[in-house]
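First up is the structure itself, then whatever we jot down about it.
Nothing in this text is a laboratory measurement; each read-out follows from the coordinates by a stated rule. Just so we're clear, the structure is a prediction, and the values are computed from it rather than from any experiment. Here Cβ is always computed from backbone atoms with ideal geometry, including for glycine, and neighbour counts include all displayed protein chains.
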Amino acid sequence: MNGKRSTFLISALVFGFAFLYVPILLVIIYSFNEGKLVTVWAGFSTKWYVSLFNNDGMIDAAWNSLRIGVMSATLALALGTPAGLVMSRFGRFKGRTMFSGMIAAPLVMPEVITGLSLLLLFVTLEQLVGWPAGRGLSTITIAHTTFCAAYVAVVVQSRLSGMDISVEEAAMDLGAKPAKIFFVITLPMILPALLAGWLLSFTLSLDDLVIASFVAGPGSTTLPMKVFSSVRLGVSPEINALATLIILTVSIMIVIASFLILRSERMRNRAANGSDA
Amino acid sequence: MSSDKLTLKQRFDRWMIKHGRVLVIGIPYFWLFLFFLVPFLIVLKISFSVAEYAQPPYTPLFEWIDEGITITLNFGNYLFLLSDSLYATAYLNSIRIAAISTIITLLIGYPMAYGIARARGSMRSVLLMLVILPFWTSFLIRVYAWIGILDREGLINAFLLWTGIISEPLIMRQTEFAVYVGIVYTYLPFMILPLYSTLEKMDVSLIEAALDLGCKPWQAFVKVTLPLSMPGILAGSLLVFIPAVGEFVIPELLGGPNTLMIGRTLWNEFFANRDWPIASAVAIAMLLFLVVPIMWFQHIQTKQEEREQ
Amino acid sequence: MPEAVLERAHEDVHKTQPWNNPDAVPYIRFENVTKKFGDFYAVDDVSLDIYRHELFALLGGSGCGKTTLLRMLAGFEEPTSGKIYIDGVDMAGVPAYERPTNMMFQSYALFPHMTVEQNVAFGLVQDGVSRSEIKELVAEMLGLVQMSKFAKRKPHQLSGGQRQRVALARSLIKRPKVLLLDEPLGALDKKLREQTQFELVNIQEKVGTTFVMVTHDQEEAMTMASRIAVMNEGVISQTGTPFELYEYPNSRYTANFLGQVNLLEGVLVDDDEKYAVIKSDEANCDIYIDHAVQGHEGMTFWAAIRPERLRLTKTEPEETKYNCVSGKIEEIGYLGGISTYHVRLESGKRIKVTEPNTGRHNEPTYTWEDRVWVSWEAGAASVLNK
Ligand SMILES: Nc1ncnc2c1ncn2[C@@H]1O[C@H](COP(=O)(O)OP(=O)(O)OP(=O)(O)O)[C@@H](O)[C@H]1O
Ligand SMILES: [Mg+2]
């Protein structure tokens, strides 16, 4: 009985992970294909990487995306951290329900709606107060900051609610004022969550096509927009090469980050459980 | 005045203690309010105006006439949505496709989440990481990967033709089937993670107790595991269903020209037809439909929080 | 009545026992303090005076509001109504970081990212004390709790008992006017706990700080505290020294909570200026009390008698009119120093008697089913009306 069940579970896992990873692996393999056709293996080659790096449009778009990503991840951290703190530590206040709604809703809101509504906001603002003058990197950054901040808030909040509040109370008891407590006690303790939140925001921003398409202006094409317009026409080996690069970079970043986070979690758990051994 | 004697720092401290709380709440509140909530009001407003060849391409909603504001509400856009069956079809299609994909995702995701939750220590972290990893890599690229697989000249067809199972290539891309594959594939991690976190918290001895009291394994699953993992099932399903309804990239890249989904319709109204008022009306109609699931999702989130505290 | 007895029991009460001195000024004062969570009264109209240099214990069952009371004193919760004074100052609106109290947390709440030294120094750093002074004070404090060797370690590298010492050092270093301890020894095993109890009392005597301690362990409260407040469902049911609470409980709840007790229900049948008699149907005997009882004849009372105040005999005592019942031994518990006997009275009620085991080679005196007489002195019973 037990054996049957675990066989089922193991095959579910194997099938599931194959489903998740085979397509990605195929993209990586075919990025080294000499030929242009995806289905025919014509020998090993790195020529698509070379042609990718000679594609100025692609490089510009990537540069735009990186700048937007760093900016909006940083801003999202600055906004999302206090939001998460408010959600888990500030108790009840007027408008709390709306606040938590504005944090939960962006997580599931269809991107087309977010994109359209932000564009209309920018247009209206420009009419009313003359800002933002035209659309471009800054409007994309604002748009990304908004939904990334919601993600950061959720990450920070869940980390804080798993944390013993009496540690912060102890600091207050010893004479530290609220702001000091936040910077000296709370912040160091949630550092892994902040790192995770920043990385999450960065990749979400780097990945966004729909919202950016709505609020972008001339000259602010991002990498996903560029990829999308070429992919629409079908498979292209250059995109395979780009995909491989993105997947590798992100994987390495994530593995390092998770290692760091896991290590500090383990230390924290040991502190909490008190291993006398 | 005593405040003259205070140093700048002391004055700042006093000010912070008095207003710090308001400030910490206020800044993110203001940002989200301005860039998340207000935009919906504007969408609502524009959905009631008329398209025009102008910049921006719609009539203003408020007009100053004789020093007073008049508000012109124009229900024409909504009437148009109702009259043209294209929109109704797109809505129903979106809901159907999202619902079916959610169910498939649940069926694949549940055993995986269960398997991960029952795996041992370090194995568990590795498996979990493997679930999260694709979620971090580009969404667009993961959808793109399926083009090469499902295409007429794609890998599956090439393989099947080579083995001789088929003699004509199958049409898989540009069908609804491809859309299901795309949604299930990209949203699977969103289903697994909340499921995992409820299943992991569940005490194994509960199942043992059920078995001990005479349940067959499948009965124990139906009567104990399933009800206890309900919050995870709901959270995961909503996390898949809500964004899937408005999905644009997947139907655009994998679906056929007649795979109508509402997100795609909105996109076309906006970018191809440049009819902003109709696009806004489409968005509002979609939002009205999604308000209930979104509030439900928020409710689940809040309950979860309270339980954790 | 107890007053007369108390006068005899304590001579120069005013110096060592300020609570018996009507002129003494309380150091901490709760005035009709109530705390509601929603509709639930966690603390209900509590008034309490605590004096300087006391080691005051709050004792009570789980969920009775001890922690809430302590947290209101520390400033983590605001009372719904009522006032709290420390050293004469109204604490309303004073935030936790400005109160002259420090707290030792039940979970210790050490800062996980700081070393032992940094943890202990934290409070001084907040006050802007100079670096050299901090160093000196921290070294001294670590010496006091015998943790000097571990100054450079992080909390997760310490054992439970060591962490508890660090928490104590950290909360004492600012020389607070009041130290609050929430079940300070809750996480320690029994042996270590008893040892630490004495250390804590010693440290308290050395630093002279007023301690307010929460515990649900009555033995701990009795060994350590100068006075104890017994709490029940948000209300203080009695305050007094361990001696007073044990010997003169004012209610069945306190009597039961501290130590063991036999409660015999009866009605007042004879009430004089010098004595009183309660007739108990439950025990089928008349209980003679050597002082007057406040109440009228026919009122219900409970006589509370500690098991060790009962005398067990195999033969019928000479005087059986008052304070004597007979029954059969139903159960025997041998606890080493003492033995406990459960006696089933003829009326059906069960009472508990303890007898010291004085000699090592003595034959067991009683065995099951033995018919015995249980008797007690006129002064052994407390009379309770609630
Ligand atoms: N923040 C809160 N919100 C709602 N109810 C609370 C809160 N804090 C405490 N309570 C309730 O108030 C009552 C008293 O709690 P308190 O923590 O003071 O008990 P305690 O006497 O310290 O118990 P224990 O010995 O178990 O620690 C409990 O019933 C508890 O459920
Ligand atoms: Mg408590």
| query | Which value, in debye to the nearest 20, gives the size of the charge dipole of the protein assembly as shown about its Cα centre, when Lys and Arg are +1 and Asp and Glu are -1 at the Cβ? | reply | 3280
| request: Taking amide H positions as placed in the peptide plane 1.01 Å from N, state which residues far from C:I228 in sequence (5 or more) or on other chains have amide H under 5 Å from it. | output: C:A57, C:G240, C:T241
| Paired Rg and Dmax values of chain C, which use every Cα atom, in angstrom | 24.9, 78
| query | Scanning chain B for chymotrypsin sites (Phe, Trp or Tyr not before Pro) in DSSP loops with at most 16 other Cβ atoms within 10 Å, what's the longest stretch left with none? | reply | B:76-309
| request: Note down the nm distance, to one decimal, between modelled labels 7 Å out along Cα→Cβ at C:R175 and at B:L211. | output: 6.4
| said: Give me the extension gain from C:H53 to C:K135: residue separation times 0.36 nm, minus the current Cα-Cα distance, reported in nm with one decimal. | reply: 26.8 nm
| Listed pairs C:K36/C:K83; C:K279/C:K386; C:K35/C:K174 exceeding 19 Å between Cα atoms | C:K35/C:K174
| DSSP loop trypsin sites (Lys or Arg not before Pro) in the stretch C:149-249 with at most 10 other Cβ atoms within 10 Å of their Cβ, which ones? | C:K152
| To two decimal places, what compactness ratio does the stretch A:34-177 give when its Cα radius of gyration is scaled by 2.2 N^0.38 Å? | 1.53
| message | For peptide C:89-98, what's the mean number of Cβ atoms from other chains within 10 Å of each residue's Cβ? | response | 3
| Among B:L107, B:L199, B:L211, which one moves the most in a GNM of chain B with springs linking Cα atoms closer than 10 Å? | B:L211
| query | Fewest first, what order do B:S85, B:S101, A:S45, C:S339 take by the number of other Cβ atoms within 10 Å? | reply | B:S85, A:S45, C:S339, B:S101
| note | For the stretch B:85-274, averaging the sequence separation of alpha carbon pairs under 8 Å that lie six or more residues apart and dividing by its residue count, the contact order in percent is 34
| note | What the 5 Å binned alpha carbon P(r) of the stretch C:260-384 shows, as percent of pairs per bin from 0, is 2, 11, 21, 23, 17, 12, 7, 4, 2, 0, 0
| field | GNM result for chain A, Cα springs below 10 Å: residue of A:G115, A:G130, A:G217 fluctuating most strongly | value | A:G130
| query | Full extension from C:H342 to C:N20: what is 0.36 nm times the residue separation minus their Cα-Cα distance, to one decimal in nm? | reply | 112.1 nm
| request: Using only the alpha-carbon atoms of chain B, report the extent along each of the three principal axes, biggest first, to the nearest angstrom. | output: 78, 62, 37
| note | Residue-normalised 222 nm signal for chain B, counting each DSSP H run of n ≥ 4 as -39,500 (n - 2.57), nearest 500 deg cm²/dmol, is -22500 deg cm²/dmol
| query | Per residue of chain A, what 222 nm ellipticity follows from adding -39500 (n - 2.57) for every DSSP H run with n ≥ 4, rounded to the nearest 500? | reply | -25500 deg cm²/dmol
| Label-point gap, in nm, between A:V70 and B:L226 - each point 7 angstrom along Cα→Cβ | 5.3
| note | Computed, not fitted: 222 nm per-residue ellipticity of chain C from DSSP H runs ≥ 4 (each -39500 (n - 2.57)), nearest 500, equal to -7000 deg cm²/dmol
| When Cβ neighbours within 10 Å are restricted to other protein chains, what is their mean count per residue of peptide A:18-24? | 6
| remark: Short to long, in 20 Å steps from zero, the percent of alpha-carbon pairs of the protein assembly as shown per bin is 11, 31, 29, 19, 9, 2
| note | Volume per residue (Å³) of the convex hull spanned by the alpha carbons of the stretch C:23-253 is 136
| request: Take chain B, connect every pair of alpha-carbon atoms lying under 10 Å apart with a spring to form a Gaussian network, then pick out the residue of B:V292, B:V184, B:V245 with the largest mean-square fluctuation. | output: B:V292
| Can you give the mean number of other chain Cβ atoms that lie within 10 Å of the Cβ atoms in peptide B:244-250? | 4
| note | Filtered hits (lysines, Cα-Cα < 20 Å from C:K152, offset >= 8 within chain) -> C:K135
| query | Given a cut-off of 23 Å, what percent of all Cα-Cα pairs of the stretch A:56-267 lie beyond it? | reply | 54
| note | In nm, the gap between the two label points placed 7 Å beyond Cα toward Cβ at C:L192 and A:M253 is 4.5
| request: Kindly state, to the nearest 0.05, the FRET efficiency for B:L23 paired with A:W131, given R0 = 22 Å and r defined as their beta-carbon distance. | output: 0.40
| message | Can you tell me the orientation of helix C:116-126 relative to chain C, as the angle in degrees between its alpha-carbon axis and the longest Cα principal axis, to the nearest 10? | response | 70
| query | How would you rank C:L384, A:L125, A:L118, going from fewest to most other Cβ atoms within 10 Å of each one's own Cβ? | reply | A:L125, C:L384, A:L118
| task | Could you list A:K226, B:K45 in order of exposure, starting from the residue whose Cβ has the fewest other Cβ atoms within 10 Å? | result | B:K45, A:K226
